[in-house]
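Undergrad: Dropping the structure in here first, questions after.
The values are calculated or read from the model by the stated rules, or taken from the named source; none is laboratory data. Note that this is a predicted model, so its numbers are computed, not measured. Note that we place each Cβ from the backbone using ideal geometry, even for glycine, and neighbour counts take in every protein chain shown. Calculation scope for accessible area: heavy atoms of the full protein, side chains included, ligands and nucleic acids excluded. Shrake-Rupley method; radii C 1.70, N 1.55, O 1.52, S 1.80 Å.
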Amino acid sequence: MISIGGAIGTGLFLASGSAIHTAGPGGALLAYAIIGVMVYFLMTSLGELAAYMPEAGSFSTYATRFVDPALGFALGWNYWYNWAITVAAELVAGALIVKFWLPESSSLLWSAVFLAVMFGLNYLSVKGFGESEYWFALIKVVTIILFLSVGLLMIFGVFTGKAVGFSNFTLGDGPFHGGFFTMIGIFMVAGFSFQGTELLGVAAGESEDPGRNVPRAVKQVFWRILLFYILAIFVIGMLIPFTLEDLASGDVTKSPFTLIFERAGFAFAASAMNAVILTSVLSAGNSGMYASTRMLWNLAKEGKAPKFLAKVDGRGVPVNALIVTAAVGLVAFFGSLLGDGAVYIWLLNASGMSGFIVWLGIAVSHYRFRKAFALQGRSLSELPYRAKWFPFGPIFAFVLCAFVVLGQNYSAFLGDKIDWYGVMVSYIGLPLFIAVWLGYKFVKKTKVIPLHECDLTPTLKK
């Protein structure tokens, strides 16, 4: 549920409408399907590693063991920074959502309340975090199932009295509006929508019996991604003309979910969807605080962050790491309030590519893990879970991720003059990551670990 909850959020409830408007229903469907398949392979790679070696440091620890300690260091700090900044973004978003009902209320007050809730859920115990995430995820899952049920009935004329057929799909130059390059632009949107599924690897470090539960979660992730995203986009494309400008507004009252519930005759559809989106935002912030705290604690445990961050209290909660993470989120949040918020926007842009960099790290780590496993004469029967289609899975995921990362703002390089500002805003996360990676490598004189020296000692919990 944590992994599903991490993948379902504003990317589906709001950004899906913009994706359909930009690339047409066919273009959006194909883009989300391709990225969905890639995410499935990434999750099978991460699932194999996490079931055999459940660590709170997850991909940072795997990269340290199977690739290069410098890469593990850079991935860990990159992931911590990404989620710490995301916490700040969710505080801003949460306050804006509440203003839908209470336009005169204080944004600062609501953001403080939400930060206190997120901090409290993480501070109380890991069980408190898990329980809250389960219910947050359940609200989203129930909403999507209700939406799909209502939408499919509307396609056949229930509620409206007239079956729509494929008239909206083939409208104008549909279903593939804008051609191939427009669809490539949707890859990035789809990728952002799916980010959070890798939380499965972080949570495995504290889960009960990961050897059994992680594989079960991995198997369910793909089918639910397919069901929730692909079917939802199909329903929206069938019922709403992709030419409708409202789809691109990003306003909750114009969310495709709100529009379809309203057309079905549901009163208070906008308020209900606003409440669901608020739970999505709180869930993302809650998950972000958990993931970044565990990553920071693990970095400290491995000697890659100050020692005081490695301490845990009597309940096993890394309180020092939690306080530092919350403080960074708070500082970034105040950065959004000062002046025109330019510093905060740059921080947010720098974190935007972090998820894709993590995915690249997972693919490389799994590929080298399996190669080392074979070279050291280990039997695949030792693995509690085996990723299917190796080595195709990690190679496909790596190539597609690299393609999306490098091509996310290809339009900035087109035209008479290169849009250098657009290039910097889009790609700033990449040189920052490389600088941290190579800086640690230079200072610590680390080298790529030969396959026959990779540490394959399992940490499987019984």
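Undergrad: Could you work out the local net charge near S283, counting Lys and Arg as +1, Asp and Glu as -1, over the other residues with Cβ closer than 13 Å to its Cβ?
TA: Values: positive: K140; negative: E90, E131, E133.
After counting each charged neighbour, the total is -2.
Undergrad: Listed here are the pairs K388/K445; K307/K371; K254/K417; K140/K254; which of them are more than 26 Å apart at the Cα? Working shown, then result.
TA: Numbers: K388/K445 36 Å; K307/K371 33 Å; K254/K417 36 Å; K140/K254 18 Å.
Violating the 26 Å Cα-Cα cut-off are K388/K445; K307/K371; K254/K417.
Undergrad: Can you tell me the accessible area per residue over region 86-131, all protein chains present, probe 1.4 angstrom, in square angstrom? Before the final figure, lay out the partial values.
TA: Details: 2270 Å² over 46 residues.
So region 86-131 comes to 49 Å² accessible per residue, rounded to a whole number.
Undergrad: Lys/Arg Cβ at +1, Asp/Glu Cβ at -1, dipole of region 210-341 taken about the Cα centre: which of P210, M273, L309 is farthest positive-ward?
TA: Of the candidates, P210 comes out farthest on the positive side.
Undergrad: With helices defined as uninterrupted DSSP H runs, which ones in the chain have an alpha carbon span along their own long axis of at least 18 Å and mean Kyte-Doolittle hydropathy of at least 1.0? Please report the intermediate quantities before stating the final value.
TA: Values: long enough: 15-52 (43 Å, 1.14); 69-98 (44 Å, 1.10); 107-124 (25 Å, 1.71); 126-155 (43 Å, 1.51); 179-194 (23 Å, 1.88); 210-225 (22 Å, -0.45); 269-301 (48 Å, 0.58); 319-337 (27 Å, 2.09); 354-375 (31 Å, 0.82); 392-407 (22 Å, 2.47); 429-444 (23 Å, 1.21).
Membrane-span-like by this rule: 15-52, 69-98, 107-124, 126-155, 179-194, 319-337, 392-407, 429-444.
Undergrad: Set the Förster distance to 22 Å, then compute FRET efficiency between F308 and L124 from the Cβ-Cβ distance, nearest 0.05.
TA: Numbers: r = 21 Å, r/R0 = 0.97.
The value I calculate is 0.55.
Undergrad: Could you give the accessible area per residue of region 253-362, probe 1.4 Å, as a whole number in Å²? Present the calculation step by step, with values, prior to reporting the outcome.
TA: Details: 3920 Å² over 110 residues.
I get 36 Å² per residue for region 253-362.
Undergrad: Take the Cα coordinates of region 287-407, assign each an equal point scatterer, and use the Debye formula without solvent to give log10 I(q)/I(0) at q = 0.13 Å⁻¹.
TA: For region 287-407 at q = 0.13 Å⁻¹, log10 I(q)/I(0) is -0.80.
Undergrad: Just tell me which aspartates and glutamates come within less than 19 Å, Cα to Cα, of K99; anything on the same chain fewer than 8 places away is out.
TA: Reachable aspartates and glutamates: E90, D251.
Undergrad: Taking a cut-off of 24 Å between Cα atoms, list the lysines near K311, but don't count ones fewer than 8 places away on the same chain.
TA: Filter leaves K127, K301, K461.
Undergrad: Could I have the simple spin-label model distance between M424 and W389, label points 7 Å from Cα toward Cβ, reported in nm to one decimal?
TA: Simple spin-label model gives 4.1 nm for this pair.
Undergrad: A follow-up question, please. Using a 1.4 Å probe on the protein heavy atoms, what percent of the accessible area of the chain belongs to carbon and sulfur?
TA: Carbon and sulfur together cover 70 percent of it.
Undergrad: Given R₀ = 51 Å, FRET efficiency for L153-V443 by Cβ-Cβ distance, to 0.05? Walk me through the numbers on the way to the answer.
TA: Values: r = 62 Å, r/R0 = 1.21.
Efficiency, rounded to the nearest 0.05: 0.25.
Undergrad: Could you tell me which of rounded, prolate or oblate describes region 17-146, using a ≥ b ≥ c as the square roots of the eigenvalues of the alpha-carbon gyration tensor, with rounded for a/c under 1.5 and, failing that, prolate when a/b is larger than b/c and oblate otherwise?
TA: Because a/c hits 1.5 or more and a/b fails to exceed b/c, region 17-146 counts as oblate.
Undergrad: Do the sum for the chain: with -39,500 (n - 2.57) for every DSSP H run of n ≥ 4, divided by all residues, what is the mean residue ellipticity at 222 nm, to the nearest 500 deg cm²/dmol? Mind dumping the intermediate values first?
TA: Numbers: 19 runs with 314 residues, N = 462.
Value at 222 nm, helices only, nearest 500: -22500 deg cm²/dmol.
Undergrad: So which lysines can K441 reach, going by Cα to Cα under 18 Å and dropping same-chain residues fewer than 8 places off?
TA: K304
Undergrad: Per residue, how large is the accessible surface of region 412-454? Use a 1.4 angstrom probe and give square angstrom. Let's see the in-between values first.
TA: Details: 3210 Å² over 43 residues.
Accessible area per residue, region 412-454: 75 Å².
Undergrad: Of A70, F41, L456, which is farthest towards the positive pole of the chain's charge dipole, taken about the Cα centre with +1 and -1 on the beta-carbons of Lys, Arg and Asp, Glu respectively?
TA: Of the listed residues, the answer is L456.
Undergrad: Then there's this: Report, in whole Å, the centroid distance computed from the Cα atoms of region 271-295 and region 185-239.
TA: 16 Å
Undergrad: So, one more: When Rg is the radius of gyration of the Cα atoms in region 177-264 and Rh is its Kirkwood radius, what does Rg/Rh come to? Don't skip to the end; give the middle numbers.
TA: On the way: Rg = 17.2 Å, Rh = 15.8 Å.
Dividing the radius of gyration by the Kirkwood radius yields 1.09.
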